[in-house]
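The values are calculated or read from the model by the stated rules, or taken from the named source; none is laboratory data. Predicted, not measured: the structure shown is a model, and the values here were computed from it. Quick reminder, even Gly has a Cβ in these numbers, built from the backbone with ideal geometry, and neighbours come from all protein chains shown. Note: areas computed on protein heavy atoms with side chains; ligands, DNA, RNA excluded. Shrake-Rupley method; radii C 1.70, N 1.55, O 1.52, S 1.80 Å.
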Amino acid sequence: MTQETEAKAKAGAVIIPVTPFEQNCMLLWCEATKKAVVIDPGGDVPKIQDAIKQSNVNVEKIWLTHGHIDHVGGAAELRDALKVPIEGPHIADKFLLDNVVTSGARFGMSGVRDFAPDRWLNEGDQVSIGELSFAILHCPGHSPGSVVFFSKAMRFAHVGDVLFNGSVGRSDIPGGDHATLIKSITKKLLPLGDDVGFICGHGPGSSIGQERMTNPFLTGAM
Ligand SMILES: [Zn+2]
Ligand SMILES: [Zn+2]
């Protein structure tokens, strides 16, 4: 058994689609300790709590990839319910977390709250859950404070709305910038390696290699 397959066997995960945007809320845990993290609890908190119960894990943290409503709408409520800290995103998304109620109203999402995380994340930071650890990559462009969670040992990343299977994040919303986004992807994500698999905020995941070779936004076709 190689070191990599051992590392892979150490994690478990389920995806919980939440909000009208079908956002991929992720419950991720360390198999050895059953300690878990909820990534991007955008809403539908009771549905997330059901998934936690069914998985029989202990959630100790909430991680946020960026400040958009479909990723953070349930964060304050879940933090209160579970009494766990929120880590992320980068402080450049503070203006979004300060206006969760306003953007919720725009999309008909009630019961949401403005909030501050317990820890902002920066390029080069490490976050951990149980025996799993992730490096933080600051990847602005979709939003100024977007971060990517990368596990070198598991060859896995959670890229939020930075990169998608066959597409890239929108940059036409306040704080977005397409050139900055493409730079984040080419300078920070592609160098992670073709074998790195990823989960993204919407739709099916992919791998860095698959996107490097076929994503029209990266091959120059668009
Ligand atoms: Zn987004
Ligand atoms: Zn999203």
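The charge dipole of the chain, taken about its Cα centre with unit charges on the Cβ of Lys, Arg, Asp and Glu (plus for the first two, minus for the last two), comes to roughly 180 debye.
Residues in the chain average 43 Å² of solvent-accessible surface per residue, probe 1.4 Å, ligands and nucleic acids excluded.
Each listed q (0.09, 0.14, 0.18 Å⁻¹) maps to a log10 I(q)/I(0) for segment 3-219 from the Debye sum over equal C-alpha point scatterers, namely -0.31, -0.78, -1.34. Segment 22-137 gives an Rg/Rh value of 0.96, both radii derived from C-alpha positions and Rh following Kirkwood.
Placing 146, 133 in order of accessible area, with the largest value first and a 1.4 Å probe, yields 133, 146.
Taking every lysine pair in segment 3-219 that is 8 or more places apart or spans two chains, those with Cα atoms closer than 15 Å amount to 12.
Of all the options 138, 178, 90, the one that moves most in a Gaussian network model of the chain with Cα springs shorter than 10 angstrom is 178. When the surface is traced with a 1.4 Å probe over the full set of protein chains, residue 79 keeps roughly 50 Å² accessible.
For the modelled label position 7 Å from the Cα of residue 58 along Cα-to-Cβ, which residues of segment 104-142 have backbone nitrogen atoms closer than 19 Å? Answer for this model: 128-133.
Arrange the residues 149, 21, 217, 107 by how much accessible surface each exposes, largest first, with a 1.4 angstrom probe.
Descending accessible area places them as 107, 21, 217, 149.
Rounded to the nearest 5, the antiparallel percentage of DSSP beta bridges internal to the chain is 70%. The share of accessible area on segment 3-219 that comes from carbon and sulfur is 52 percent, using a 1.4 angstrom probe. Solvent-accessible area of residue 186, all protein chains in place: 60 Å² (probe radius 1.4 Å, heavy atoms, ligands and nucleic acids excluded).
Stretching residue 102 away from residue 22 to a fully extended chain increases their span by 26.8 nm, per 0.36 nm per residue minus the current alpha-carbon distance. Ordered by solvent-accessible area of protein heavy atoms (1.4 Å probe), largest first, the residues 83, 35, 187 come out as 83, 187, 35.
The relative contact order of the chain, computed from alpha carbon pairs under 8 Å that lie at least 6 residues apart in sequence, is 15 percent. Maximal additional length on extending the residue 210-residue 80 stretch stands at 42.9 nm, based on 0.36 nm per residue less the C-alpha distance.
Applying the Kirkwood pairwise sum to the alpha-carbon positions of segment 12-85 produces a hydrodynamic radius of 11.8 angstrom.
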